[in-house]
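What follows is a set of notes on a single structure, which appears directly below.
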Amino acid sequence: MICRSLIRALITSAALAAGVLLAGCNSDEISLAHNAKANQPVPPKIVADMAAKDMDLQSPMLVRLFKQEAELEVWKQDRSGRFALLKTYPICRWSGDLGPKVREGDRQAPEGFYSISPGQMNPQSAYYLSFNTGYPNAFDKALGRSGSQLMVHGDCSSRGCYAMTDEQIAEIYSLGRESFFGGQRAFQLQAYPFKMTPMNMAKHRNNPNMPFWKMIKEGYDHFEVTRQEPKVDFCEKKYVFDAAKPPDATKDLVFDASAKCPAYVIPDEVANAVRDKQQTDQAEIAQLIAKGAPVARVNAGSDGGMNRVFASKLPDGSTGLSEGGDGQSLSLVALSRAPGTIPSHVNPPRGPVTSPEEPLAASMAPAQAPTPATRVASAVPNAQSDGFFSSLARKVGLGGADTTATAQPPIPAKPKVVEAKRNPPPRSETSAPKADPKPSTPAASETKQIAAARPPLKPSPSDTSAAPAAAAPAPKDAQVAGSQPILPPNSFDNRFSAFK
C-alpha cells in the first residue's frame, strides 16, 4: 500500500514537472489566453454597426492610414465579398513629415503597403496594445531603407509611429483578432500621406516625394474601384498591384523587388476601371492647377500631426501637419468628446506648417528642398513573436502561407498582357538626409521604465455616453501608460514588453 502511494506521488510529481516545462515552451499562448487587454470583446456598438452593414464579426478587415487628415480607417468585408468602411478613428499623434520613412532613427512614420500577420500583434506592449506595421517591406529593403519596430499603438505618444488612445487601440486590436479567428491570414495596412484626391495631388505637386506618391496611388485606385484588397508585389524597385500570370504562361510568376518584372496581366475589368479613374483625376488636377491651386510648402524638421479632436483638448494645441478639415477651427470642436483618454505627457505638434488658405502669390513660390533632421535610432532589435495567433493559424491549416496579400475573389474578365518595362526608382528615395546639430532625443522604440502595473481595462469610447469635454484634461497618475511588471529574461512578458 505504501509502495503504491509512493509510486502515485512520483507519477504526480513527474506530471506536474512536465506541465511546468510545457507551460514554459508555450508561455506565449498561456500569457495571451490570460491577457485581459488583448482579449477584450469587440464593443456592442461596433458589433451592431457590422450587423447593420451586413458584415460578420470575423470577416476579413483592411486598414488605411492618412497623415494629413490624421485618420485611421477600418474596413470590413461584407457578405457580398466587397470591403466597406466600418469606422474612422482620429489619430492622436503621428511623427515626422509627409513622405516615406527612409532610415533608422529619422522618426518618420512609414508610408506604403504592409501586411499584418498574427505574429505582429503585440499583447504585451509598453504602449497598452500595439501591432507592428512590418516596415521595411521588400520595396523598402530594395531601396536600402532601414528601420524597426514601427508600430500602431496606444498611449497617444509617437516618435516614428502612429499613436492612438488606449481605448482606440483596444477596439482596433480586437477587430484584428476576430478577423484572424475567422481565418484571415493577414490584414493589409495601407499608409498614405493624405487621401489621394485630385485636390491633394495638385496641392503637393511640387513635393519631391510625388513620384513615390503616384506609385502608391495606383494601389489606392485599385481599392477604390474594386473594393477588394489589392494584391501587392514588388519588382524593379517599384510596387505592382493585382498582377497575374498571362493565359499562356506555364509557370507561376516570381517577383523580386530588385529584379526585372516578369510579364504579367491585369484583368481588363480592373485595368480599364483604374485607367478611367486616373484619367478623370488627371483632368481635374490640371484644371485645379490652371485655376491657381495653392502649393503646399515642403517642411524641414517637421513635427508630425494630430487630429483636431485631440488638439482642441490640449493647452496651445495644434494639429501641426494635419489639417482641421472642412474649414473648422479648434474652437469649433473643443466641445466634442475625445475618443479615449489623452495622457498628461502628450505634447501637441509645434504648429501648422502648411495651409491651403495661404495667399496664392506666396504659395506659388518655388518649394524649398527638405532637410530632414537626424535623430537617434531605435535601440530595440527587430523581433517578432510567433505567438498564440500564429499557433492558432497553423492548427486550422493556415500556417506557413505567404502573407504578403490575402487571396481575393477572382474577377471574371479577359486579361490584358502588360509588358515588363524597367522604370527608374522615384527620385526622392535616394537622397540622403542631412545631419541635425541639435542634441538627440530618446528613441521611440526604447521601452518605458516600468513603475507600477496599471489597470488592464478601460471603458470603450463606443459604449460611453457623450459629454462635453473640458478644455484641458486632468493629468493621469505618475505611472507609465501600458506599464507591465518586470519579469525574468526568458519569460513571454519580458520578451514582449520591449516592443512598443
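Structure above, values below:
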| quantity | calculated |
| --- | --- |
| Rounded percent of accessible protein surface that carbon and sulfur make up, the range 97-180, 1.4 Å probe | 43 |
| Distance violations [Cα-Cα > 19 Å] among 237/260; 53/217; 76/277 | 53/217; 76/277 |
| Per residue value of the accessible surface for the range 180-237 (all protein chains in place, 1.4 Å probe), Å² | 26 |
| Charge tally in the Cβ shell below 12 Å around residue 277, where Lys, Arg are +1 and Asp, Glu are -1, residue 277 excluded | -4 |
| Accessible area of the range 200-257 belonging to carbon and sulfur atoms, whole % at 1.4 Å probe | 46 |
| Across 141/203; 67/238; 203/291; 67/203; 141/238; 87/231, pairs whose alpha-carbon gap is larger than 18 Å | 141/203; 67/238; 87/231 |
| Dipole magnitude of the range 183-225, debye to nearest 20 (Cβ charges: Lys/Arg +1, Asp/Glu -1, about Cα centre) | 140 |
| For the range 126-253, convex hull volume per residue from C-alpha positions, Å³ | 171 |
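The values are calculated or read from the model by the stated rules, or taken from the named source; none is laboratory data. Keep in mind the model is a prediction, meaning the values are calculated, not measured. FYI the Cβ positions are ideal-geometry reconstructions off the backbone, even for glycines, and counts take in every protein chain you see. Each accessible area value is taken on the protein alone, full model and side chains, heavy atoms only, with ligands, DNA and RNA left out. Shrake-Rupley method; radii C 1.70, N 1.55, O 1.52, S 1.80 Å.
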